[in-house]
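Below you'll find the structure, written out as C-alpha cells, and then a few comments.
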Amino acid sequence: MNNNTYALKSAMYGLAVGDAVGVPYEFRNRGTFECTDMIGYGTHNQPEGTWSDDTSMALATCASIKACGSVDVDDIRNRFRRWLKEGAYTPFGEVFDCGNTCAAAIRSGRGCDDEWSNGNGSLMRIIPLAFAQGITDAEIEAVSAITHAHSLSKLACVCYVRIAIDLVNGVPLADSIKRHVPGNSKLSAAIGVENVVRSDSIGSSGYVVDTFVAAMWCLLTTDNYRDCVLRAVNLGSDTDTTAAVAGGLAGIMYGLDGIPSTWISRMKAMDKIDRELF
C-alpha cells in the first residue's frame, strides 16, 4: 500500500468510524447523554458499527474517482442517484438517513444555492478529493455544488480539502487553518478555536459553519482519535456528521493504528470501503 492509499484509507476509516459512533445519538440534545463507546440502535435503530449517508456519499465519490481516473462531476452525481434510489454504497442496501438538501438536489439534478441550503451535506463527503492528484479549488467547488452550491458551502469544502492535504504533508492543523480559512469569512471562528475552553460556544447543528468549526475544535483540543470523536459526538445534535468530519481528519493525523481496533472490528461492511479505495 503506497503512502497516498494508506492516507486515504486512514481518512475513510476515520470518517466511517466517527460516523458510526455518532449515528445512535443523532438529533439528541447536548447534555442529555454521554457517549463513551461505540454502541448500536438509538436514533436510527441500526446495529453498532453502522455508517450512514456521510460515509456512503464519500464512498460513492471514491468509487467515481477510481473508475474515472479523475474528478467527473456527472459520474459522481449519477452514483449519488444510485445511492439514494437503490441503496448503493450503504452497509445493508438501504438508505436510512438523508438530508433534505441532498435529497432535493439529487432528485432535481441541480445543487441548491440559496442561503438556507448551507447544511453540512457536501462537507461531510468531500474528503476523498484531498487524494485526487492535482485537485483544483474549482473542482472541489463543483463537487460540493452537486448538492450544495452556495458560496459558503463551497468555501467550507475547499478549506477542508486543503487542510486535509496539509495534514497528509505534516503541516500542523492550527497553521493550516490560518493558511486556508479567510479571516473575513463566516468560517473564521475556526481560527484560534483551540483557545475556546468550554463547549458552550461551539455549535453542533447541521449548519456547515457549525460543523466545520466544531470539527476543528474537537481536533485541536484532543490528542488522539478516540477522544476527538467522542468529544464531537457529545456535542449533540448532528452527532454523526460532526464526528465524521472530525474523524476523517483525525484518521489522517493519527493513522489507521490510531483508530481504536475495538471500534474497527465492530464496524459493518468495511469491505465495501476497502473495495473502492483508489
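Out of residues 5 or more away from GLN46 or on other chains, whose amide H comes under 5 Å of its own, with H placed 1.01 Å from N in the peptide plane?
It is TYR41, by chain and number.
Karplus couplings for the range 137-145 from phi (6.51 cos²θ - 1.76 cosθ + 1.60, θ = phi - 60°), rounded to Hz, Gly and Pro as x?
Karplus-based 3J(HN,Hα) across the range 137-145 equals 4, 4, 5, 4, 4, 5, 6, 4, 5 Hz.
Would you check the accessible area of TRP217, probe 1.4 Å, heavy atoms only, in square angstrom rounded to 10?
That residue has around 10 Å² of solvent-accessible surface.
When each pair of different Cα atoms in the range 1-68 is counted once in the 1/r mean, what is the Kirkwood radius in angstroms, to one decimal? Working shown, then result.
On the way: mean 1/r = 0.0750 Å⁻¹.
The answer is 13.3 Å.
For Cα pairs less than 8 Å apart in space and 6+ apart in sequence, what is the mean separation divided by the residue count of the chain, i.e. the relative contact order in percent? Don't jump to the answer; show the numbers that get you there.
Values: 533 pairs, mean separation 84.7, N = 278.
For the chain, the relative contact order is 30 percent.
Cut-off 10 angstrom, C-alpha nodes, Gaussian network model of the chain. Which of ASN234, ASN195, ASN224 fluctuates the most?
It is ASN195.
Compute the signed sum of charges (Lys and Arg +1, Asp and Glu -1) over the other residues within less than 14 Å, Cβ to Cβ, of PRO182. If you can, show how the numbers build up before the last one.
Working: positive: LYS154, ARG162, LYS178, ARG179, LYS186; negative: ASP137.
For residues surrounding PRO182, the net value is +4.
For ARG198, what accessible area in Å² do you get when you roll a 1.4 Å probe over the heavy atoms of the protein chains, rounding to the nearest 10?
150
How high is the relative contact order of the range 15-171, in percent, with contacts defined as C-alpha pairs under 8 Å that are six or more residues apart?
Details: 225 pairs, mean separation 29.8, N = 157.
Value for the range 15-171: 19 percent.
Using only the Cα atoms of the range 68-181, what do you get for the radius of gyration and for Dmax, in Å?
My reading of the Cα-based Rg and Dmax gives 14.5, 42 Å.
Based on the Cα atoms of the range 152-278, what semi-axes does the equivalent ellipsoid have, where each is the square root of 5 times one gyration tensor eigenvalue, given in whole Å with the largest first?
23, 17, 14
List, in order, the whole-Hz ³J(HN,Hα) value for each residue of the range 10-21 obtained from phi through the Karplus relation with A = 6.51, B = -1.76, C = 1.60 and θ = phi - 60°; use x for Gly and Pro.
Couplings: 4, 5, 5, 5, x, 5, 5, 5, x, 4, 5, 5 Hz.
Quick check: convex hull of the Cα atoms in the range 154-200, volume per residue, rounded to a whole Å³? Could the numbers behind the result be given before it?
On the way: hull volume 3.8 nm³, N = 47.
Expressed per residue, the convex hull around the Cα atoms of the range 154-200 is 82 Å³.
For CYS112, what residues show an amide H to amide H distance below 5 Å, using hydrogens built from the backbone and excluding near sequence neighbours?
HIS148, ALA149
Rounded, prolate or oblate, given the Cα gyration tensor of the range 99-160, with a/c below 1.5 counting as rounded?
Working: a/c = 1.97, a/b = 1.71, b/c = 1.15.
Prolate is the answer for the range 99-160, as a/c is 1.5 or above and a/b outweighs b/c.
Determine which lysines satisfy two conditions relative to LYS154: a Cα distance under 27 Å, and not lying fewer than 8 residues away in the same chain.
Qualifying lysines at Cα under 27 Å: LYS9, LYS66, LYS85, LYS178, LYS186.
Name the residue farthest towards the positive end of the dipole of the chain from the options PRO128, ILE177, GLY109, assuming +1 on Cβ of Lys and Arg, -1 on Cβ of Asp and Glu, about the Cα centre.
My answer, from the dipole projection, is GLY109.
What Rg and what Dmax come out for the chain when only alpha-carbon atoms are used, in angstroms?
Rg, Dmax (Cα atoms, Å): 16.5, 46.
So what is the accessible area of the range 1-130 per residue, in Å², with the probe set to 1.4 Å? Walk me through the numbers before you get to the answer.
Values: 5250 Å² over 130 residues.
Ligands and nucleic acids excluded, the result is 40 Å² per residue.
log10 I(q)/I(0), Debye, Cα-only the range 174-247, no solvent, q = 0.13, 0.25, 0.28 Å⁻¹?
-0.31, -1.17, -1.39
Mind listing the phi-derived Karplus ³J(HN,Hα) values for the range 177-193, rounded to whole Hz, using 6.51, -1.76 and 1.60 with θ = phi - 60°, and x for any glycine or proline?
Calculated HN-Hα couplings, in order: 4, 4, 6, 10, 8, x, x, 9, 9, 5, 7, 5, 4, 6, 6, x, 5 Hz.
Rg (Å, one decimal) plus Dmax (Å, integer) for the alpha carbons of the range 1-130?
In Å, with Rg to one decimal and Dmax whole: 15.3, 46.
Report ARG28's accessible area, 1.4 Å probe, all protein chains in place, as a number in Å² to the nearest 10.
In the full protein context, ARG28 sits at about 100 Å².
Using Cα pairs under 8 angstrom and six or more residues apart, how large is the relative contact order of the range 170-278, in percent?
Numbers: 110 pairs, mean separation 21.2, N = 109.
In percent, rounded to a whole number, it is 19.
Top mean-square fluctuation among GLY236, GLY93, GLY248, Gaussian network model of the chain, C-alpha springs under 10 Å?
Result for the chain, Cα springs under 10 Å: GLY93 fluctuates most.
The values are calculated or read from the model by the stated rules, or taken from the named source; none is laboratory data. In this text, all values refer to a predicted model and were calculated from it rather than measured experimentally. Positions of Cβ are generated from backbone atoms using ideal geometry, with glycine treated the same way; all protein chains shown enter the neighbour counts. Each accessible area value is taken on the protein alone, full model and side chains, heavy atoms only, with ligands, DNA and RNA left out. Shrake-Rupley method; radii C 1.70, N 1.55, O 1.52, S 1.80 Å.
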